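For reference, the structure I am asking about is given below.
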Amino acid sequence: MNSYEVNFDGLIGPTHNYGGLSHGNVASKSNALKISYPKQAALQGLEKMQFIRSLGLPQGVLLPHQRPHLPTLRALGFAGSDKKIIQQASNSAPELLASCYSASCMWTANAATVSPSADSADGKVHFTAANLSSMFHRSIEHQGTAQLLRRIFADSSVFEHHDALPSGSHFGDEGAANHNRFAMNYGERGVQLFVFGRYAFRENKHVAAKFPSRQTYEASLAISRLHQLPSDSVVFAQQNPKIIDAGAFHNDVVSVANLNTFFMHEEAFVDKTRMQAELQEKFGDEELHFIEVPTDQVSLDAAVKSYLFNSQLIKRPNQDGLVLILPEESRENEHVFAYLESLKSLGTPIKDVRFVDVRQSMQNGGGPACLRLRVALTQSELDAVNSDFLLTDELFSTLSAWVERHYRDEVSPEDLADPALAEESFSALDELTQIFKLGAFYEFQK
Ligand code: SUG
């Protein structure tokens with residue numbers, strides 16, 4: 001049976017702004033409080049989705065969450081009308097207002113961890129929404145994510161959904177950004193690699209000193225249990241703390257995999273040799289290709305700034321080799337570009353490189369790979385997906401026109417205090433639920 005990798009990209013929401021909310025994310029901090037361009041951001045995201053489709057892959061869409069999330073402000077003690085809540089929060093807790101306004105659910109690599117049916121003991125595709133408990137503005141995403149995933153992947157005979165892990169620092173989980181899967185085909189049994197930053201219940205020999213390690217070993221282990229993955233097809237590996245302190249707050253900032261190819265920075269892991277040996281042993285007779293980028297060609301700093309590894313590694317149907325889809329910023333970095341030029345002649349499975357412009361997202365630390373959640377599906381599973389969420393030319397045009405109609409060109413930090421921005425966002429989302437035939441989906445509609 002045919003099998004596919006379907007990328008579900010986050011449609012960038014109307015309140016996209018630079019809140020400086022993510023400690024340890026260099027781009028988020030360095031662009032804090034700059035003017036954002038939400039219309040441009042959303043159109044860049046849509047263009048990327050359409051580009052991936054043009055390469056022959058099915059492409060899915062995940063919707064923005066309700067932002068500003070006023071129920072969170074109410075839960076934190078702000079009261080009165082929507083307008084009053086926004087004004088009070090703006091005066092006394094602008095960081096909370098910005099958190100509730102963040103369009104961060106666009107980075108759907110953090111929406112959930114997904115295990116394909118071929119790997120799970122019950123033969124179902126498993127989803128666990130990520131609790132994102134390390135960053136407050138992201139910790140309020142998982143309920144919306146879980147609800148949306150249940151609507152898109154609704155057939156319970158095929159799809160199994162798990163709520164986010166218990167919140168709190170012990171089970172910090174950042175979803176697919178710290179998870180890779182290797183297989184010869186999307187529909188065949190594979191090996192899953194869970195990458196974590198620290199142990200929560202035992203002493204850490206290696207731990208980041210400057211920035212938070214968002215993913216714990218215990219969270220990754222719990223997900224492998226929930227997804228019914230046999231221990232002979234999972235590998236756990238610790239991310240190098242040095243690289244977290246250099247600004248790689250998720251593993252997808254320093255590595256990306258697809259099928260039997262693993263493209264990574266040579267310093268990405270604590271014990272690379274053990275990890276590679278275990279992956280190969282569990283993978284079996286077929287060869288895994290490890291493409292390591294040496295520090296003397298691409299420094300950690302260049303890797304983090306250019307987002308070389310936050311690229312989408314994709315397999316075009318009926319074509320040999322893999323294509324690496326990189327952010328424009330990788331082309332602009334002299335050392336990274338020189339490496340990419342040399343990569344073409346290294347004889348690796350990566351045969352082509354392409355660049356996409358997702359600069360608005362990049363300025364908050366979100367590259368092409370952050371913007372997508374990969375779901376490996378067989379043909380019959382793909383047939384069971386709610387097809388309203390699969391991009392077509394028509395849906396692309398409808399969504400582009402919707403963005404043009406509803407989004408502001410610019411949003412400055414002061415604009416978050418303007419209740420009109422909230423109203424505009426809700427009216428855009430209200431129309432979106434009609435486009436996707438969702439009914440009253442958002443809290444403000446109920
Ligand atoms: O969690 N940035 C996101 C970027 C997520 C990138 N995702 C992956 N690597 N998969 C984060 O740090 C910044 C929001 C702000 O500052 O306004 C932010 O949340």
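The values are calculated or read from the model by the stated rules, or taken from the named source; none is laboratory data. These numbers were taken from a predicted model, which means no experiment stands behind them. All Cβ positions, glycine included, derive from the backbone under ideal geometry; neighbour counts span all protein chains shown.
Applying the selection to the range 43-61, what residues are in contact with a strand residue (DSSP E or B) (Cβ under 7 Å, 6 or more places away or on another chain) and closer than 22 Å to L421 by Cα?
Residues of the range 43-61 that are in contact with a strand residue (DSSP E or B) (Cβ under 7 Å, 6 or more places away or on another chain), as a first pass: 45, 48-49, 51-53, 55, 57-61.
Within the range 43-61, G45 is the sole residue that qualifies.
Can you tell me which residues in the range 236-254 are surrounded by 24 or more Cβ atoms within 10 Å (Cβ to Cβ) and under 23 Å from E286 (Cα atoms)?
Once the filter is applied, which keeps residues that are surrounded by 24 or more Cβ atoms within 10 Å (Cβ to Cβ) and under 23 Å from E286 (Cα atoms), the range 236-254 yields only A237.
Let me confirm something: among S104, S120, S133, which residue is out of contact with any helix residue (DSSP H, G or I) (no Cβ under 6 Å at 6 or more places or on another chain) and small (G, A, S)? Can you show your working first?
Numbers: S104 fails: out of contact with any helix residue (DSSP H, G or I) (no Cβ under 6 Å at 6 or more places or on another chain); S133 fails: out of contact with any helix residue (DSSP H, G or I) (no Cβ under 6 Å at 6 or more places or on another chain).
Within the list S104, S120, S133, the selection yields S120.
Need at least 1 residues that are away from the ligand (no atom under 14 Å from the Cβ) and surrounded by fewer than 21 Cβ atoms within 10 Å (Cβ to Cβ) per element, so show me which helices (runs of 4 or more DSSP H) inside the range 23-81 make the cut, counting only ones lying wholly within it.
Values: elements: 26-30, 38-54, 70-75.
Because the criterion is at least 1 residues that are away from the ligand (no atom under 14 Å from the Cβ) and surrounded by fewer than 21 Cβ atoms within 10 Å (Cβ to Cβ), the helices (runs of 4 or more DSSP H) in the range 23-81 that meet it are 38-54, 70-75.
With the structure loaded, tell me whether S134 is among the hydroxyl-bearing types (S, T, Y), outside any helix (DSSP H, G or I) and at negative phi or whether it fails that test.
For S134, the condition - among the hydroxyl-bearing types (S, T, Y), outside any helix (DSSP H, G or I) and at negative phi - is met.
Okay, next question. Please indicate, with yes or no, whether at least one residue in the range 144-153 is within 24 Å of A369 (Cβ to Cβ), within 16 Å of the ligand (Cβ to nearest atom) and surrounded by 22 or more Cβ atoms within 10 Å (Cβ to Cβ).
yes
Condition check ((1) in contact (Cβ under 8 Å) with a residue 12 or more places away in the chain; (2) among the hydrophobic types (A, V, I, L, M, F, W, C)) across all residues:
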site: M362; (1), (2): yes, yes
site: G366; (1), (2): yes, no
site: V385; (1), (2): yes, yes
site: L391; (1), (2): yes, yes
site: E394; (1), (2): no, no
site: V403; (1), (2): yes, yes
site: E431; (1), (2): yes, no
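Condition check ((1) among the hydrophobic types (A, V, I, L, M, F, W, C); (2) more than 22 Å from H16 (Cβ to Cβ); (3) surrounded by 14 or more Cβ atoms within 10 Å (Cβ to Cβ)) across all residues:
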{"position": "L288", "(1), (2), (3)": "yes, yes, yes"}
{"position": "S299", "(1), (2), (3)": "no, yes, yes"}
{"position": "Y307", "(1), (2), (3)": "no, no, yes"}
{"position": "I325", "(1), (2), (3)": "yes, no, yes"}
{"position": "T378", "(1), (2), (3)": "no, yes, yes"}
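Here is a list: F171, F136, F153. Which entry is in contact (Cβ under 8 Å) with a residue 24 or more places away in the chain, aromatic (F, W, Y) and under 21 Å from F441 (Cβ atoms)? Working first, answer last.
Numbers: F171 fails: under 21 Å from F441 (Cβ atoms); F136 fails: under 21 Å from F441 (Cβ atoms).
Matching residue, one of F171, F136, F153: F153.
Of the conditions (1) away from the ligand (no atom under 16 Å from the Cβ); (2) surrounded by fewer than 19 Cβ atoms within 10 Å (Cβ to Cβ); (3) among the charged types (D, E, K, R); (4) without any contact (Cβ under 8 Å) to a residue 40 or more places away in the chain, E267 clears all except one; give me its number.
Only one criterion is unmet by E267, namely (2).
Let me ask another. Could you tell me which numbered condition A303 fails, if it satisfies all but one of (1) touching a Leu at 6+ places or on another chain (Cβ under 9 Å); (2) part of a helix (DSSP H, G or I)?
Result: A303 passes all but (1).
For residues that are aliphatic (A, V, I, L, M) and in contact (Cβ under 8 Å) with a residue 60 or more places away in the chain, scanning just the range 53-84, find the one that is nearest to L149 (Cα to Cα).
Per the stated criteria, the residue is L62.
Give the range 162-195 a look and list any residue that's over 26 Å from P368 (Cβ atoms) and touching a helix residue (DSSP H, G or I) at 6+ places or on another chain (Cβ under 8 Å), or say none.
Passing the criteria: H162, D163, L165, S167, H170, F171, R189.
A follow-up question, please. Pick out, from the range 317-429, the strands (runs of 3 or more DSSP E) lying fully within it that include 2 or more residues that are of a type in the set (A, V, I, L, M, F, W, C) and within 15 Å of the ligand (Cβ to nearest atom).
On the way: elements: 322-327, 350-356, 372-378.
Strands (runs of 3 or more DSSP E) meeting the threshold: 322-327.
Can you find even one residue in the range 343-356 that is in contact with a helix residue (DSSP H, G or I) (Cβ under 6 Å, 6 or more places away or on another chain) and buried (at least 24 other Cβ atoms within 10 Å of the Cβ)?
Looking for residues that are in contact with a helix residue (DSSP H, G or I) (Cβ under 6 Å, 6 or more places away or on another chain) and buried (at least 24 other Cβ atoms within 10 Å of the Cβ), one finds none in the range 343-356, hence no.
Give me the pairs: first residue in the range 93-115 and in a strand (DSSP E or B), second residue within 11 Å of the ligand (Cβ to nearest atom) and not hydrophobic (A, V, I, L, M, F, W, C), beta-carbon distance under 6 Å, and six or more apart or on different chains, which are they?
A112/G175; T113/G175; T113/H179
Further question on the same structure: Any chance the range 273-282 includes a residue that's buried (at least 23 other Cβ atoms within 10 Å of the Cβ) and either under 22 Å from the mean Cα position of the chain (by Cα) or closer than 19 Å to H206 by Cβ (or both)? Quick ask: steps written out before the conclusion?
Step one: of the range 273-282, the residues buried (at least 23 other Cβ atoms within 10 Å of the Cβ) are none.
No, the range 273-282 contains no residue that is buried (at least 23 other Cβ atoms within 10 Å of the Cβ) and either under 22 Å from the mean Cα position of the chain (by Cα) or closer than 19 Å to H206 by Cβ (or both).
Quick check on the range 87-94. Is at least one of its residues near the ligand (Cβ under 10 Å from one of its atoms) and on the phi < 0 side of the Ramachandran plot?
Step one: filter the range 87-94 for residues near the ligand (Cβ under 10 Å from one of its atoms), giving none.
Checking the range 87-94: not a single residue is near the ligand (Cβ under 10 Å from one of its atoms) and on the phi < 0 side of the Ramachandran plot.
Out of curiosity, is G10 modelled with pLDDT of 95 or more and within 12 Å of the ligand (Cβ to nearest atom)?
Answer is yes for this residue.
In the list S167, S139, S133, which residue meets the criterion of being in contact with a Gly (Cβ under 6 Å, 6 or more places away or on another chain), closer than 18 Å to A75 by Cβ and either of a type in the set (G, A, S) or within 16 Å of the ligand (Cβ to nearest atom) (or both)? If you could, list the steps in order and put the result at the bottom.
Numbers: S167 fails: in contact with a Gly (Cβ under 6 Å, 6 or more places away or on another chain); S139 fails: in contact with a Gly (Cβ under 6 Å, 6 or more places away or on another chain).
After ruling out the rest, the residue left standing is S133.
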